[in-house]
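Here is the structure we will look at, set down as structure tokens.
Read-outs throughout are calculated quantities, based only on the coordinates presented, and are distinct from any laboratory measurement. Since this is a predicted model, take the numbers as computed values, not measurements. For neighbour counting, all protein chains shown are included, and Cβ atoms are generated from backbone atoms with ideal geometry for every residue, glycine included.
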Amino acid sequence: MGKKVLIISSSPIKTGNSALLCEEFARGAKEVGCEVELVHLSDYTIHFCTGCEICVQQGHGCVQNDDMKLLIEKMHQADVFVLATPIYFMSVSAQLKVFIDRFIAGEVYMRKHGEGKTAYLITVSASPDVKENHLAANASFRGFLTCLQSVKEGGILNAGGAYAPGSIRDQDWMRQAYEMGKGVNHE
């Protein structure tokens, strides 16, 4: 049986370039027998973290009544998760940053039960200079994984040179996302 894959797209544009790469990753993962769920953060209500730390102190999750509890549960159930973001000002989207910050309510569980889980990052920028323009996003992703402790990094796809929604379709990044998705069952 294939792995359970959760793809979290943080683009506010559901037909945007990072979302299209998510679809290609999903297609590859499905092709090798994985169960795949693609989540668009724009479909969920997630409030900013207030820094109250009640979730850490009491261990009962976040006191805010929004959709983050559901998303944390989806992350806990997944064998593989993918975070995808457009690059704005050389970093992750605000939507993804809020998701990462709010995951503090699920962090303790993931530290204890994250063994065997793998995480991927997909980023897209208008600039063709992927090395320089994606450094902060890659560091944010790796910092997140460091906090989760037991989740291993599966791979990072930094795509560049795609500004207009859909312009990624004619580039090799689509094939790379597809191949990355096909590789999730072989770890």
Can you tell me what share of the DSSP beta bridges in the stretch 11-132 is antiparallel? A percent to the nearest 5 is fine.
10
Taking other Cβ within 10 Å of each residue's Cβ, how do Y44, Y88, Y178 sort, fewest first?
Y88, Y44, Y178
The residues D172, D79, sorted from fewest to most surrounding Cβ atoms within 10 Å, come out as D172, D79
Percent breakdown of C-alpha pair distances by 5 Å bin, ordered from the shortest bin, for the chain
1, 9, 18, 21, 21, 16, 9, 4, 1, 0
Lys pairs, the chain - Cα-Cα below 14 angstrom, 8 or more residues apart or on other chains:
12
How big is the stretch 139-187 on each of its three principal axes, counting only the C-alpha atoms and giving the largest first in Å?
37, 26, 11
Sort V130, V5, V108 so the one with the fewest other Cβ atoms within 10 Å of its own Cβ comes first.
V108, V130, V5
Where does helix 68-77 land angle-wise versus the long Cα axis of the chain, in degrees 0 to 90, nearest 10?
70
